[in-house]
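To start, the structure itself, in structure tokens.
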């Protein structure tokens, strides 16, 4: 097991992936490097020349808990068995664990972060503007707290599919004259038989992530996927998969089938009623990709309860419920009641003046 850090060839500081510039940036000397630059440096390392890629022997292997030596300060970096990229708790240097992404576990592709941390924070803050009962501390803690960038492992299922649909469909027409109202119902036997390609249906492969939140922040634009490279992990957290492809397959196939059913049903329109008689889905040429997708996460603790949020690191779509302050609700109700009583007294005073 080895830990890796990508360092600036110019000054030796740790490089991190810059979302804004889509390049690897040095926070010390402000230099920027492309993926090709880092790959060339790695080739130099393999040829025996100095470069920015450094590895370290494992400091500890305790099964579930593992430790690696930080290349910047020498401290131990503790990880679990699926950690693929993390940070040193002491100097905050990025550390990548290549052993977690060996030949058998290396992703096929990665979707680099497109949404910067500041923008993710602004989007979550924007949601609070229309929620007057959100605790005031939430906005403060969101600005000052930790918004974590995480590459989440996903299995992407694809296939060629055929959807066969049969139904009885009614078309109802109504009209009337001076005496009667008429209703005419025509019933049709409708068949739809469609071939289609189902591409990259995602299944969250990490036990740490809430599956419903991951579904809620879909879709991702897979046209922006890149071939996987370790360098993209620099400056972010990343986990390898917990769920094997065999365990994920039933859910992936169900989601593909549901997608086909939905598309075929939408081909039947213009009827007053549709009574399904048969729906069959046939899959062939199934394919599987292992991908890492970008997610921003934020956790807020309020009144003894954790409120967690997931934000699509590409599109900015948010999942998570905002907390509400009972005290602010009572203050608002009290203010409304006081205003109502005040208007009542004014109204009563006006009536008395008129009567007097």
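Taken together, the values in this text are just the output of simple stated rules run on the coordinates, not laboratory data. Computed from a predicted model, the values in this text were never measured in an experiment. Cβ coordinates were reconstructed from backbone atoms using ideal geometry, including for glycine residues, and neighbour counts include every protein chain displayed.
Would you mind calculating the gained length between residue 177 and residue 141 on full extension (0.36 nm times residue separation, minus the Cα-Cα distance), in nm to one decimal? List each step's numbers first, then the result.
On the way: separation 36, 0.36 × 36 = 12.96 nm, distance 6.84 nm.
In short, 6.1 nm is gained.
Just rank 268, 65, 152, 295, fewest to most, by other beta-carbon atoms within 10 angstrom.
So the ranking, lowest neighbour count to highest, is 65, 268, 152, 295.
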Beyond 28 Å, what share of the Cα-Cα pairs of region 148-324 remains, rounded to the nearest whole percent?
45 percent
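State the percent of C-alpha pairs, over all pairs in region 235-276, separated by a distance greater than 17 angstrom. Write out the running numbers ahead of the final one.
Working: 499 of 861 pairs.
So the portion of pairs separated by more than 17 Å is 58 percent.
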Take the Cα of residue 39, step 7 Å along the line toward its Cβ, and report every residue of region 212-233 whose backbone nitrogen sits under 13 Å from that point.
226-232
Counting just the Cα atoms, what span does region 172-217 cover along each of its three principal axes? Round to the nearest Å and put the largest first.
68, 27, 12
Descending packing, highest mean Cβ count within 10 Å first, for 175-183, 210-218, 275-283 is 210-218, 275-283, 175-183
Based on alpha-carbon positions alone, could you give the equivalent ellipsoid semi-axes of region 82-160 from the gyration tensor, as √(5λ), descending, whole Å?
33, 20, 10
Cα-based Debye curve of region 92-250 sampled at q = 0.10, 0.13, 0.16, 0.17 Å⁻¹ gives log₁₀ I(q)/I(0) of -0.63, -0.83, -1.06, -1.15
